[in-house]
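Please read the structure below before turning to the comments.
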Amino acid sequence: MNAIGWTGLAADLALISALVFGVYYRRHRRWHMVVPYIGLNVGVFAVVTALLGAEIGVGVGFGLFGVLSIIRLRSSEISHGDVCYYFSALSIGLVCAVPLASAWTGPALGLLVVGVMAVIDQPFLHRRHRQERVVLERVFATREELEARLTDLLGAEAILRVETVETDLVRDAQTVEVAYRVSAARAQQRRPVLAR
């Protein structure tokens with residue numbers, strides 16, 4: 001690896017640290033996701049650097065990106081936000097490893113990714129919006145009854161979306177995914193009250 005490669009590696013490590021520790025972990029406090037994000041990033045950087053040093057075409061690199069982009073963790077569900085951080089870690093590793101016109105083009109693009117994630121994942125942008133999976137004590141016959149119960153149960157100002165995940169007529173239970181908005185005063189509370 002030449003001087004440009006070492007510069008790319010230093011920039012990659014600085015950028016992934018800023019993304020994971022400066023943005024993601026400070027906001028979400030999910031330590032179990034730190035290792036996958038950093039591991040994926042450094043792994044992509046290493047593989048791309050190795051591929052560029054070998055006598056292979058760019059198509060192999062794009063194939064690698066395609067394979068990595070369809071990774072799905074089957075052991076546990078991850079949110080769309082976590083998937084977005086996966087792609088951010090992946091793209092930082094790619095742009096820092098590929099030699100571009102200038103030695104700082106890749107790091108600048110990686111910095112763009114970190115900056116965008118820092119801005120769009122601001123808690124104040126979505127502090128009034130929540131999403132929950134709720135198991136209800138009975139099956140509701142109408143949408144109006146269902147929304148009224150969820151509004152009362154969650155202390156919601158408005159129900160934005162409800163999707164039934166499962167209806168169990170034997171146990172008389174209904175599981176729903178609900179997106180809702182809380183009042184500004186309620187949004188100031190650190191933890192939502194889920195039941196009364």
message: Given the condition loosely packed, with under 10 Cβ neighbours inside 10 Å, at pLDDT below 65 and farther than 24 Å from Arg29 by Cα, answer yes or no: does some residue in the stretch 73-89 qualify?
response: no
- prompt: Which of the residues belonging to the stretch 122-136 are surrounded by fewer than 15 Cβ atoms within 10 Å (Cβ to Cβ) and at pLDDT 90 or above?
  reply: Val135
- prompt: Pairs, please: C-beta under 7 Å, at least 6 apart or cross-chain, first residue free of Cβ contacts under 8 Å to residues at least 40 places away in the same chain and in the stretch 129-143, second assigned to a loop (DSSP other than H, G, I, E, B)?
  reply: Arg138/Asp172; Val139/Leu169; Val139/Asp172
message: Which residue is surrounded by the fewest Cβ atoms within 10 Å (Cβ to Cβ), if the candidates are limited to the stretch 151-167 and must be over 10 Å from Ala179 (Cα atoms) and among the aliphatic types (A, V, I, L, M)?
response: Val165
message: Quick test of your reading of the structure: Met117 fulfils all but one of (1) out of contact with any Ser or Thr (no Cβ under 6 Å at 6 or more places or on another chain); (2) in contact (Cβ under 8 Å) with a residue 60 or more places away in the chain. Name the failing condition by number.
response: (1)
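The values are calculated or read from the model by the stated rules, or taken from the named source; none is laboratory data. Computed from a predicted model, the values in this text were never measured in an experiment. So basically every Cβ, Gly included, is an ideal-geometry build from the backbone, and we count neighbours across all protein chains shown.
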